[in-house]
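See structure below.
Taken together, the values in this text are just the output of simple stated rules run on the coordinates, not laboratory data. Source: prediction; values computed, not measured. Cβ sites come from the backbone with ideal geometry, for glycine too, and all protein chains shown count toward neighbours.
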Amino acid sequence: MRAAPEGSHGGGDGCTGPGEHLIRAGYTLGGDDGCIANARRQALAFLGQAEADYPLSVPARARNLTQLVVSELVTNACKYAPGPVMVELGINIHTVDVVVWDSDPFMPAARTTDPDRIGQHGLEIVQAVSQTLLIEQQPVGKRITARITLFDPPTTEKPGDL
């Protein structure tokens, strides 16, 4: 995995403007049997590196959601797209961005909720746990960006309100 401060290479990722991330890292997966577990490990290592290098704390909830989103998006890419899968992670003081590129030009959409359906809930899950989900067609394949908040927004409920 290659990690670099945001200013060291240019361009946005579809959800953020240039210069917004504290750190970004990218890596390519070959689509073999261990690639999904490897992607989750890379995500955890990235979050740990961000905490070590910056005055930043990644709550367990955000850490777990990042692993879940990476797992779901990489699983879909490995299952449906031929060739390598590219993953990019970016973080700032508010959010973690997970970006997955693959070679399949098919533009997926989250299906409507169906508790009787077995499987094919990955994009639904990603959409439910992400602040933003952006799917973009690329010259070769597609890019999916999911933004995960580091902290839950404050609630307006008072104790005793239910």
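Figures for the structure shown
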quantity: Whole-Å semi-axes of the ellipsoid equivalent to region 51-161 (Cα gyration tensor, √5λ, descending); calculated: 27, 20, 11
quantity: Under 13 Å, Cβ to Cβ, from Ala81 - net charge with Lys/Arg +1 and Asp/Glu -1; calculated: +1
quantity: Ala109/Gln131 FRET efficiency (R0 22 Å; Cβ-Cβ; nearest 0.05); calculated: 0.75
quantity: Computed P(r) (all Cα pairs; region 43-96; 10 Å bins; percent); calculated: 22, 48, 23, 7
quantity: Under 5 Å, built H, 5+ apart or other chain: amide partners of Thr132; calculated: Arg147
quantity: Cα centroid separation - region 94-125 against region 130-144, whole Å; calculated: 11
quantity: Distance between modelled label sites at Ile93 and Gln49, nm, 7 Å Cα→Cβ extension; calculated: 2.3
